[in-house]
Amino acid sequence: YATQARLWVPPALPKANEAAHPAAVGAVAGRLAPCLNGRTFALTTTLRALAPIAEAVANAAQQSGRPLEVLVQGSQPRRALLQRFLARPGSVLVGSQSFWEGIDVPGDALQCVVIDKLPFPPPNDPLVQARSRRLQARGGDPFNDYFIAEAAVSLKQGAGRLIRHESDRGLLVVCDVRMRTMGYGRRLQRALPPMQVIESEDEALAWLDQLARDHA
């Protein structure tokens, strides 16, 4: 991981709970993916983020002069979308929870994974609320003992789409500034495999350009 994968957390995006965040995530993915002629997943934590992210990906790629086909979860069955992604160069797949795990795209077919935000469990979910109450009743801290632990597992699952075999290489992008600014964000980063951290979009683009040249 340290030599073959890079991690970038864009520093200047809207906060994860702001209305402008999905479009900003899509714009990032739409600027990066043309370097690879697609071969990119954009993974979302909610279904409602799919459409605005997909639209922004398409717009940003179009503005770059290298338009891409954007495949969106829900437009076709999951298997059909994955088959189309593999069969057609020049595509980006935008998917939610069902694409975070159980998907195996080894080799150069997938070299960039963009995650929209830290995947905390939904606090309004009745099961999540019941587990939180149980932890509190036992003197535990639901956020530290449950929410962060669950987010770490989900984040590793999403990141795991990128590197499937020893020779795989790629870029993981987590579009959530909390990974930079909050103590728990840094804890979640340490839970990931030991990828080399890069600090700027120029570095991200340079890494993708290198992967593209090697792929060609």
### Task
Compute the longest continuous run of the chain that contains no exposed trypsin sites (Lys or Arg not before Pro); treat a site as exposed when its DSSP state is not H, G, I, E or B and it has at most 14 other Cβ atoms within 10 Å.
16-137
### Task
Please report the orientation-averaged projected area of region 1-114, defined via the convex hull of its C-alpha atoms, in nm².
7.2 nm²
### Query
What are the semi-axes of the equivalent ellipsoid for region 109-182, taken as the square roots of 5 times the Cα gyration tensor eigenvalues, largest first, in whole Å?
30, 13, 10
### Query
Can you give the helix-only mean residue ellipticity at 222 nm for the chain, where every DSSP H stretch with n ≥ 4 adds -39500 (n - 2.57) and the sum goes over all residues, rounded to the nearest 500 deg cm²/dmol?
-12500 deg cm²/dmol
### Query
What fraction of the Cα pairs in the chain, stated in percent, has a spacing above 31 angstrom?
17 percent
### Message
Counting each pair of different Cα atoms once, what's the Kirkwood radius of region 1-55 in Å, rounded to one decimal?
### Response
12.4 Å
### Query
So how tilted is helix 50-63 from the main axis of the chain? Cα-based, degrees 0 to 90, rounded to 10.
30 degrees
### Message
For Cα pairs less than 8 Å apart in space and 6+ apart in sequence, what is the mean separation divided by the residue count of the chain, i.e. the relative contact order in percent?
### Response
32 percent
### Task
Can you tell me how much longer the chain between residue 137 and residue 63 gets when fully stretched, taken as 0.36 nm per residue apart minus their C-alpha distance, in nm with one decimal?
21.3 nm
### Task
Measure nothing fancy, just the Cα-based angle from helix 148-159's long axis to the longest principal axis of the chain, in degrees from 0 to 90, nearest 10.
10 degrees
#### Entry: Sequence-separation-based contact order of region 34-143, relative, with Cα cut under 8 Å and 6+ spacing, percent
36 percent
### Query
In region 58-160, if every C-alpha pair distance is counted and binned at 10 Å from zero, what percent goes to each bin?
13, 35, 27, 17, 8, 1
## Note on the structure
When the charge dipole of the chain is computed with +1 on Lys and Arg Cβ and -1 on Asp and Glu Cβ about the Cα centre, the Cα farthest towards its positive end, among 70, 160, 210, belongs to 160
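Give me the 1.4 Å probe accessible area per residue for region 1-124, excluding ligands and nucleic acids, in Å².
43 Å²
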### Query
Nearest 10 degrees, 0 to 90: what angle lies between the long axis of helix 78-87 and the longest principal axis of the chain (Cα atoms)?
30 degrees
### Query
Can you pull the percent of region 8-154's accessible area that's carbon plus sulfur, 1.4 Å probe, other chains left in place?
51 percent
### Task
Give the range of the longest stretch in the chain that excludes all GluC sites (Glu not before Pro) found in loop regions by DSSP and having at most 15 other beta-carbon atoms within 10 Å.
19-100
### Task
Under a 10 Å cutoff between Cα atoms, tell me which one of 115, 103, 163 has the largest fluctuation in the Gaussian network model of the chain.
103
### Query
Can you pull the percent of Cα pairs in region 176-216 with separation above 17 Å?
47 percent
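The values are calculated or read from the model by the stated rules, or taken from the named source; none is laboratory data. It should be emphasised that the depicted structure is a prediction, and the values quoted were computed from it without experimental measurement. Cβ sites come from the backbone with ideal geometry, for glycine too, and all protein chains shown count toward neighbours. Heads up: the accessible areas ignore ligands, DNA and RNA and are worked out on the full protein's heavy atoms, side chains in. Shrake-Rupley method; radii C 1.70, N 1.55, O 1.52, S 1.80 Å.
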